[in-house]
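Following: one structure in structure tokens, then a few remarks.
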Amino acid sequence: MYQSHGTGRPSADRQDLIREHTKAGLAAARARVGGRPKGLTPEAQVKARAVKTMYANKLNTITEIGLLFHISRATVYRYLAWQEVK
């Protein structure tokens, strides 16, 4: 259908059309803005501040803090990093 002289290659016109559509699609993708929002939700910010307070008191381990807030150890560390706790 879109072949030239039985070589199995698309015709030059078809190749140009494919190239144009590809470039247009890439340009449209680059123009889009979006994705996952950066940062924490307001609820998570409240929880992060509470985690920081508990961590600063040195009365609970990371695992215990995670269990109290029903979050993973990785999330506890993520909250502490968000609060810039070393």
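The values are calculated or read from the model by the stated rules, or taken from the named source; none is laboratory data. The model shown is predicted, which means the values in this text are computed figures rather than measured ones. Cβ sites come from the backbone with ideal geometry, for glycine too, and all protein chains shown count toward neighbours. Heavy atoms of the whole protein, side chains included, go into the accessibility calculation; ligands, DNA and RNA do not. Shrake-Rupley method; radii C 1.70, N 1.55, O 1.52, S 1.80 Å.
Of all residues in segment 64-76, those that are buried (at least 17 other Cβ atoms within 10 Å of the Cβ) have Cβ atoms under 9 Å from Cβ atoms of residues that are not in a helix (DSSP H, G or I) and not aliphatic (A, V, I, L, M), 6 or more apart or on another chain, in G66/S72.
Residues checked against (1) of a type in the set (V, I, T); (2) out of contact with any helix residue (DSSP H, G or I) (no Cβ under 7 Å at 6 or more places or on another chain); (3) modelled with pLDDT of 90 or more:
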position: T7; (1), (2), (3): yes, yes, no
position: K23; (1), (2), (3): no, yes, yes
position: A28; (1), (2), (3): no, yes, yes
position: P37; (1), (2), (3): no, yes, no
position: Q45; (1), (2), (3): no, yes, yes
position: M54; (1), (2), (3): no, no, yes
position: F69; (1), (2), (3): no, no, yes
position: A81; (1), (2), (3): no, yes, yes
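Does segment 28-53 hold any residues that are open to solvent by less than 60 Å² (accessible area, probe 1.4 Å) and over 21 Å from the mean Cα position of the chain (by Cα), and which are they? A50, V51, listed by residue number. Does segment 54-61 contain any residue that is assigned to a loop (DSSP other than H, G, I, E, B), open to solvent by less than 80 Å² (accessible area, probe 1.4 Å) and within 19 Å of K86 (Cβ to Cβ)? Within segment 54-61, one or more residues are assigned to a loop (DSSP other than H, G, I, E, B), open to solvent by less than 80 Å² (accessible area, probe 1.4 Å) and within 19 Å of K86 (Cβ to Cβ). Of all residues in segment 15-49, those satisfying the criterion of being touching a Phe, Trp or Tyr at 6+ places or on another chain (Cβ under 7 Å) and in a helix (DSSP H, G or I) are K47, A48.
Among the residues of segment 62-86, those that are of a type in the set (A, V, I, L, M, F, W, C) and outside any loop (DSSP other than H, G, I, E, B) comprise I62, I65, L67, L68, F69, A74, V76, L80, A81, W82.
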